[in-house]
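Worksheet: one structure, shown below.
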Amino acid sequence: VDEGYRYRERTLKSQSFMNEASEYMPGGVTANIKYFTPHPIVMNKAKGAYVYDVDGNEYVDYLLSYGALKLGHGHEAITKAIGDQLEEQGTCLFGTPHHYEVEMAKQIKQLYPSMENIRYTNSGTEATLLALRLARAYTGKEGIAKFEGHYHGGFDEVLVSVNPSLEQAGPEQEPNSVLESKGMSERHKNTTITLPFNDLASCEEILRKKHQEIGAVIIEPLQGGFIRASQSFIEGMRQLTKEFGILFIFDEVKTGFRVALGGAQELYEVQPDLTTLGKVIGGGFPVGIVGGRKEIMNITSPSHSADVFDISQSQTSNASDVLFHSGTYNGHPTILACGLATLEVLKKETADVCNLTSELKTELEHLFKQYSIPMLAVGEGSIFNIVITDKKNISHYRDLQASDFKLRKKMDLRLLLEGIYTKPLNRYSVSTAHTAVEVEKTIEAFRRVLNDL
Ligand code: PLP
């Protein structure tokens with residue numbers, strides 16, 4: 001039976017839901033990333049390592065809300081933290097400082113010593129936005145540089161060369177800056193400079209030419225959360241940015257708490273000037289954290305702008321020597337309570353999740369070998385991706401583009417029919433709720449799919 005037919009038969013209610021949703025929301029979705037063809041699967045229940053769709057199908061979940069749910073769905077430590085916090089404090093946001101903010105800041109500093117001071121935001125996107133503003137304020141330089149294929153959120157400055165077509169991408173050693181979205185200002189082609197990942201000599205050449213206009217180099221230390229920067233590359237970039245008076249920002253929204261509890265900076269033993277975190281540390285709720293050297297973070301401090309005893313001074317000083325950072329929901333107590341509960345579990349269980357992920361990767365590679373399909377399971381810690389390629393190693397965006405996406409998507413759609421969930425072409429994240437049972441189910445499902453292919 002044709003697989004398209006099987007897909008539709010198995011997900012009839014999802015399809016009719018999407019038809020209705022499309023009448024109210026463009027494409028039927030609230031985030032473009034949720035969309036895929038033939039039609040997205042609509043979930044309505046989840047527990048542990050499993051999600052269930054509106055047609056009643058069960059899936060082992062490897063999407064885990066794009067990596068955010070490191071404890072799986074509905075972990076009792078999280079539901080208890082929510083219950084306790086709400087019971088004690090109601091749905092109150094206070095609008096004032098509170099103890100969860102400091103508790104979390106202490107924990108973060110312990111795990112990420114480079115984050116001497118932090119600020120909270122409501123998403124990873126807001127975190128990178130603030131980090132770049134800090135870099136501009138600190139260095140006095142307008143432009144930024146990012147790497148081809150790296151994602152840092154949904155605003156114009158960083159929506160450059162995230163997923164460019166190879167026709168537009170330009171020379172490998174000095175990539176073009178390609179706008180990712182309609183509606184963006186053309187100026188970002190010039191103010192956001194695109195660097196080639198894992199190519200230190202070319203980066204040096206570009207930075208040597210343009211360093212006077214670049215305030216920050218922002219990087220996903222593992223591109224997409226899974227393609228490793230080489231040790232010499234990340235150390236070299238650390239050195240170069242220092243030399244050129246550029247702040248080096250590790251965007252660890254994906255890699256934080258996943259490639260290691262202390263993120264990529266623990267893995268590489270390299271200290272960035274600024275770091276952004278999100279996803280896992282919200283325990284499933286929206287959050288972002290920006291942190292870094294005290295002298296940089298301190299630009300946001302309103303406390304040095306006024307004489308504290310002079311009550312005639314405006315309390316909401318807009319003094320231009322202070323960097324603006326505010327937000328109604330910043331440091332939301334319920335979310336920070338979830339984050340703290342998440343950390344408690346992860347301190348005990350990180351090694352187990354990493355070991356289980358390793359096992360899964362090894363078994364998958366073994367299985368693909370049996371079917372003579374050239375494949376790499378690329379990643380660190382509890383996050384990886386399946387790349388169908390003849391290459392021995394994947395080190396940047398263009399390597400990935402040369403892989404077999406067509407076969408991968410076909411395989412992913414078949415896996416959905418076998419009860420294995422990740423969004424087609426997305427990476428795999430593993431949670432503390434996954435066990436050897438789910439790994440075995442997954443391998444068996446892959447075996448059936450590879451047999452059919
Ligand atoms: N930075 C990285 C590396 C990310 O992976 C993401 C989201 O996937 C973001 C920033 C944006 O985070 P959010 O989706 O919470 O806005």
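The values are calculated or read from the model by the stated rules, or taken from the named source; none is laboratory data. All values derive from a computational prediction rather than experimental measurement. FYI the Cβ positions are ideal-geometry reconstructions off the backbone, even for glycines, and counts take in every protein chain you see.
Things worth noting here:
- Scope segment 147-180; condition acidic (Asp, Glu), assigned to a loop (DSSP other than H, G, I, E, B) and either over 17 Å from the mean Cα position of the chain (by Cα) or more than 16 Å from the ligand (Cβ to nearest atom) (or both); matching residues: 172, 174, 180
- Set side by side, the residues 140, 183 differ, and just one is touching a residue at least 40 places away in the same chain (Cβ under 8 Å), away from the ligand (no atom under 16 Å from the Cβ) and more than 30 Å from residue 361 (Cα to Cα), which is 140.
- Residues of segment 115-128 classified as small (Gly, Ala, Ser) and surrounded by fewer than 20 Cβ atoms within 10 Å (Cβ to Cβ), total: 1
- Positions within segment 258-280 being aliphatic (A, V, I, L, M) and buried (at least 24 other Cβ atoms within 10 Å of the Cβ), in sequence order: 259, 264, 274, 277, 280
- Scanning segment 113-126 for residues that are within 15 Å of the ligand (Cβ to nearest atom) and within 20 Å of residue 260 (Cα to Cα) gives a single hit, 124.
- Test set (1) assigned by TED's automatic domain parsing to the domain that holds residue 266; (2) surrounded by fewer than 20 Cβ atoms within 10 Å (Cβ to Cβ); (3) over 17 Å from residue 272 (Cα atoms) - residue 157 fails condition number: (2)
- Residue among 106, 146 that alone is without any contact (Cβ under 8 Å) to a residue 24 or more places away in the chain and of a type in the set (Lys, Arg): 106
- Lone unmet requirement of (1) outside any helix (DSSP H, G or I); (2) small (Gly, Ala, Ser); (3) touching a residue at least 60 places away in the same chain (Cβ under 8 Å) for residue 377: (3)
- The single residue among 126, 157 that is at pLDDT 95 or above and in contact with a helix residue (DSSP H, G or I) (Cβ under 7 Å, 6 or more places away or on another chain) turns out to be 157.
- With respect to the conditions (1) assigned to a helix (DSSP H, G or I); (2) surrounded by fewer than 17 Cβ atoms within 10 Å (Cβ to Cβ); (3) touching a residue at least 24 places away in the same chain (Cβ under 8 Å); (4) assigned by TED's automatic domain parsing to the domain that holds residue 413, residue 9 lacks only one, and its number is (3).
- Against the numbered list (1) outside the structural domain of residue 408 (by TED's automatic domain parsing); (2) surrounded by 16 or more Cβ atoms within 10 Å (Cβ to Cβ); (3) in contact (Cβ under 8 Å) with a residue 60 or more places away in the chain, residue 67 comes up short only at (1).
- Of residues in segment 80-104 being in the same structural domain as residue 254 (by TED's automatic domain parsing) and buried (at least 20 other Cβ atoms within 10 Å of the Cβ), the one farthest from residue 247 (Cα to Cα): 100
- Condition met for residue 393 (modelled with pLDDT of 95 or more, under 21 Å from the mean Cα position of the chain (by Cα), assigned by TED's automatic domain parsing to the domain that holds residue 47 and not small (Gly, Ala, Ser)): no
- Helices (runs of 4 or more DSSP H) completely within segment 195-299 that count 1 or more residues being within 16 Å of the ligand (Cβ to nearest atom): 231-243, 263-268
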